Structures are given as C-alpha cells and as structure tokens.
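The values are calculated or read from the model by the stated rules, or taken from the named source; none is laboratory data. Treat the numbers as computed from the prediction; the structure is a model and nothing was measured. Methodologically, a virtual Cβ is constructed for each residue, glycine included, from the backbone with ideal geometry; neighbour enumeration extends over all protein chains shown. Just so you know, the surface numbers come from the protein's heavy atoms only, side chains and all, with ligands and any DNA or RNA stripped out. Shrake-Rupley method; radii C 1.70, N 1.55, O 1.52, S 1.80 Å.
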Amino acid sequence: MLYPYESRSREVKDLSGVWRFKLDADNVGLQEKWYEKPLEDTIPMPVPASYNDMTQDVRIRDHVGDVWYERTFIMPSTWAGKRAVLRFGSVTHFGRVWINGTYLMEHKGGYLPFEADISGMAAPGDEVRVTVQVNNVLDYQTLPPGEVEILDDPYKYEKPIRVQRYFHDFYNYAGIHRPVKLYSTPQNYVKDVRVVTDIDGKAGIIRYETEVCGSGQVRVEVRDAAGALAGTAEGGKGEIRIENAVFWKPMESYLYRFTVMVGQDDKAQEDVYTMKVGIRTVSVDNRRFYVNGEPVYFKGFGKHEDMDIKGKGLDQAMWIKDFNLMSWMNANSFRTSHYPYAEEVLDLADEYGILVIDESPAVGMTFFNDENKRMFVPERVNDQTQAFHKSVMRELISRDKNHPCVVMWSVGNEPSCWEEAAAPYFKGVIDETRAADPTRPVTMVSCAFPYGKKKDKVAQMLDVVCINKYYSWYEDSGMLDVVEYQVRKELSLWYEEYGKPLIMTEYGADTIAGYHSDPPVMFTEEYQIEMIRRFNKVFDELDFVIGEHIWAFADFATKQGTTRVIGNKKGVFTRERNPKSVAFAVKARWELM
Ligand code: GCB
C-alpha cells in the first residue's frame, strides 16, 4: 500500500487533532449501534496518541475492550470527480469505521495502515462524521497474542473482573496511534509501485513495476537529489539505468525522486505519484551481511515507539530526537522491536541512512518460564493464527517494500521455537515472507539455544541468526564474571550448529539513572557499562558476529509487575532521552568501528 504523499494530482488533508472519545465501559456500543448518531458524553482525545495515559481515570487506562472515537470534517469542495480515500496509519489493535453511520471498513492488526474510498458516500462540501470503534483485546489469534482472564474467585473479588493477560514486555497501549489522512486521486490512478534496485559497476539500476487502476499510459522519471533528470521510462514495468549513480549507504544516505505518471492526453486528469528511492543492494552469505557488496556490522538498538503521555502515538519530535541521538552515538541501525513502526519513521531512516530490521508484531509467543505450558497448540497459537501472521507479513512487505533502509524482515521475537509445532508454523510464515519479497534476507529473533531441551527449530530456515541473551541478568544475576565465557561458548555453538552470521539483537541491564556503585551491582550505571563492555569484548573475537543491538534504546512503559519499577529500565537513554553513562562508553566504541 502506498503512502499518501502530496503531488500535482493528489491533495492530502490531515485529520489529526482533537477527536471526541467515549469509553465503552460495558462493551455495548456495537450492539447499541453508537455509530448511528453522534456520540454522547464524549471527552476530547488527541489523535495520534494512545488514550491510556491521557486522563486520571484508571477505568480508561486499564479498559479491556472497545472505545470510540469520532470527528467531523468537510469533504473538500474542490474534489469533485476525484477519489477521496480515508486512511488510518494504524488503529491498535482492531478498528471498525463508519461514515455518517454507514459501515466503511475494518482492520485487524494494530501496527499497519488501512484505507477505503469514501467519495461515493459524501459529496464535495458535505460535512462528514467519521466514527471509529477501537478494540484493544489480545487473544491467541491476534499479534501479539494474549488472553482475557475473568477473575471470579468469590473469596478474592467482590464481582468478576476482566483482565488482559499478555506475555510480551511492553505496555498494551491502544488508540488511533498514527495519522488519519484523507487524500484525493484522479479516477485513473497509481495503485501500487514496487522498485528493486541493483548495482552494475558505477551504474545504478532501478527496476520497477506499477499497478494502475483505470486506463492510461504509464511514464516514469527519476530525478537526482538536486532535481536534475537522471532517467525516464515508459510502460507499467521496466528498468532505468543511471550511469555514475550515487548509492544509498549506511550513514551516507542518497535518495533519488522517483515519479510515476499515469494518464491520457489530458494532463489535468493525470495521476502523479512521487516517492524517494535509494539505490542499494543487500545480500548475505554464511559469515557476512553486505550492503552494496560491502560487509556491514550492525551497531545500534532494539527500540520501542514509546513516550510519556502519548504512549505509542506517533511523535515526530521524539523521532527526530531519537535519530539525532542514534547518529550522535555512531549507531547505524535499529530493529523495529516488536512491531512495524510508523511509515513516517522509515522515511526518516531512509534520510538518515539508518539500517532497519523490520519486525512483525509476533512477540510474546512463549511461556518461557513454564516448562509445562505450550504455545503452539490447537487451542492457542494455531492455524488461524498462522494465516493471520502470513497476512501481516504480506501487508508489512506491501507497505515497506520500497524503503532502502529496510534490509531484513524479522518474522517475530522470541517465540517458543523449541516446540515441535513451532517449526511448521514458522516455515509457513517464512515461506510466505520470501514469496512476498525475494530480495531481502529473513530472520527471526530467538531466545532459544543451539542445544538441549530448548534447541531452536527455526534457525536453519533463516538467513541470519538473531539472538537475545541476558547473561548475568535474568540468570546468574550479578555475576559479571561469567559473561565472557557464556557469550563465547553459546555463540560459538550457534555458529557450529547453524553456520549463519549472527546478530546479538538484545543484551542489557536494567539501570536506574543516577544509581552508582563500585564494584558494580545490578541496577547501577556501572553495572550496565561493565556488562555491555564484556559482551562487546567477545563479539570482537568472533568473526561471524555481524552486529550488536543493545536492549534498549530508551526506558519504556511495561505492564505492572514485581520485576518492573515504572517500566523497563534497560535504556541507554531514559524515557525522557537523557543519556545514562553507558551512552558515552558505547558512543566511543562505535566511533572506532
Ligand atoms: C526480551 C524481550 C524484550 C524485553 C527484554 C527484557 O528478551 O525481547 O521485549 O523487554 O527481554 O528487558 O526483559
């Protein structure tokens, strides 16, 4: 699905702002058809943002089920004869939309966009009421998975309480998290464009394929960053060769402007779609990961879309700060742990030249500490979940396929991939991913082992092994002296067993900014520095290690529990983006790499 950029033929109206919001405390709104007339007793709610932290009302923060959003807008009077498409960047985790009380569309999956043409439902100049039902429930057929539990022990609870259980470590923020846009196109329009780039000596090659609705000739032109014409082509599918091209590289971004035009002789009716394209190649062998044929070492972080007050709502200020902090640290990459991030973020990564491992929302598919409970069983994560997981991978690839920054797909984070049924489950998902995009390597992030009872049954299907390990933290807590032996031992076994390059996609220590001790103890800034230093020392000895992503970029919100003191504190930065001491140590290391 294409991002709605403005062009000569396309106008974009941003519907972000303050919407009307209503909690559906008893989850009766759908049955009572709240969408039929304007919502009553609403409170103001910003879009994009999570609703959870916006009020002082714990019933809103902890609600399990539906909430409702509504606003009105004017259909632009200049859009007569055009398509008018209403597009949501994301609604977490399920959204259903009505226009003036008439059903329009629905979408399952909290981190990907959806849209529909509403031009037949309202005339130019009309006032339009849009109503959205937002549902935050997680079950075994959603990604991430979860389970709603009814607490009904009469000795403990006055009346039954519904609680949302989930097995991942970030707060289940919900709401309209990304911008809502209304955009116009002509009736004949560019529905999709796919570019794949290649390098031939000094020349760059852009192979493209377009999908057009309606009739008309397709023309394509490429301009360099200064606006000079670099190449043209005719037809819905083709190739443009640019001699002496400037390539997109990690930390050295260069973007061409790629324009598709479709129309007949009448220029006024022509659709024009422009996006940025970086010319680069990605490949992998059994020891290295290459961009443009040059080996790269991933330096960076696992992250979250997370901010105080706004939760997971897109915050461009936060993102610019984060990209500047990543550049300041000499990082060259991050993983969209543990779900697809906003499209606006990938645009920035393209601009900054940051490599992105683009992850699906398949996180928390494990009962890691409960040996007797399995996740991949017919009554939990099952064929229906797999079908949904495949469709999420298709949607993700359809959305992000043209970003040069995206260099690898991650089908999930830390599933119990040692379970027998996990292997066929992930084989299906990985095959689907490769079919949807044969040009990028595929990984899955593992917390399993290369041996024993929890031996990884998926790693052999992947291009790169990505693992998360917390030596001296969750196990052998406080024992920094075991770190080097354990990293060396386990990583070597991964390579012996699977023969693939390896990225340590998570390692880190909860650290409360301002806590100090020497010798280091857990939760102090010195412990975080020392643990990371010891991991890094061994990475430098092992030539199949192709990257280090510290967990995490910044502190973030989690559900409440005895192991989390107001969230996860493994950030190199605080939640407000102030550096902990480790930031300076790692910055100095990455400067030399
Ligand atoms: C992990 C998870 C991540 C957690 C992290 C932690 O393995 O992938 O989501 O936040 O550990 O800090 O426990």
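Quick rundown of the values:
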item	result
The range 394-475: relative contact order in percent, alpha carbon pairs under 8 Å with at least 6 residues between	33
Loop sites in the range 541-593: GluC sites (Glu not before Pro), DSSP, at most 16 other Cβ within 10 Å	541, 576
Probe 1.4 Å, protein heavy atoms only - accessible area per residue of the chain in square angstrom	40
Counted charge near residue 430, where neighbours are those whose Cβ lies closer than 15 Å (Asp, Glu -1; Lys, Arg +1)	0
Using θ = phi - 60° and Karplus 6.51 cos²θ - 1.76 cosθ + 1.60, couplings along the range 182-190 (whole Hz; Gly, Pro as x)	10, 9, 9, 9, x, 5, 8, 8, 7
Helix-only mean residue ellipticity at 222 nm for the chain, each DSSP H run of n ≥ 4 adding -39500 (n - 2.57), per residue, nearest 500	-5500 deg cm²/dmol
Whole-Hz ³J(HN,Hα) from phi, Karplus 6.51 cos²θ - 1.76 cosθ + 1.60, for the range 210-216, glycine and proline x	10, 10, 10, 9, x, 10, x
Per DSSP, loop GluC sites (Glu not before Pro) in the range 171-264 with at most 11 further Cβ within 10 Å	243
Sequence-separation-based contact order of the chain, relative, with Cα cut under 8 Å and 6+ spacing, percent	12
Built amide H within the under 5 Å cut-off of residue 104, gap 5+	97, 98, 99
Charge-dipole axis of the range 506-593 as Lys and Arg at +1 and Asp and Glu at -1 on Cβ define it, positive-most pick from 550, 560, 524	560
Relative contact order (%) - criterion: Cα under 8 Å, at least six apart; region: the range 296-591	18
Residue-by-residue Karplus 3J(HN,Hα) for the range 378-383, coefficients 6.51, -1.76, 1.60, Hz, glycine and proline x	x, 8, 10, 6, 9, 4
Charge-dipole axis of the range 346-466 as Lys and Arg at +1 and Asp and Glu at -1 on Cβ define it, positive-most pick from 403, 435, 449	449
Estimated dipole of the chain in Debye, rounded to 20 [Cβ of Lys and Arg +1, of Asp and Glu -1, Cα centre]	480
Highest average packing first - 493-502, 116-125, Cβ atoms within 10 Å	493-502, 116-125
Carbon/sulfur fraction of accessible area - the chain, other protein chains in place, 1.4 Å, %	50
Considering only the chain, percent of DSSP beta bridges that pair antiparallel, nearest 5	75
Trypsin sites (Lys or Arg not before Pro) restricted to DSSP loop in the range 177-260 with at most 11 other C-beta within 10 Å	202
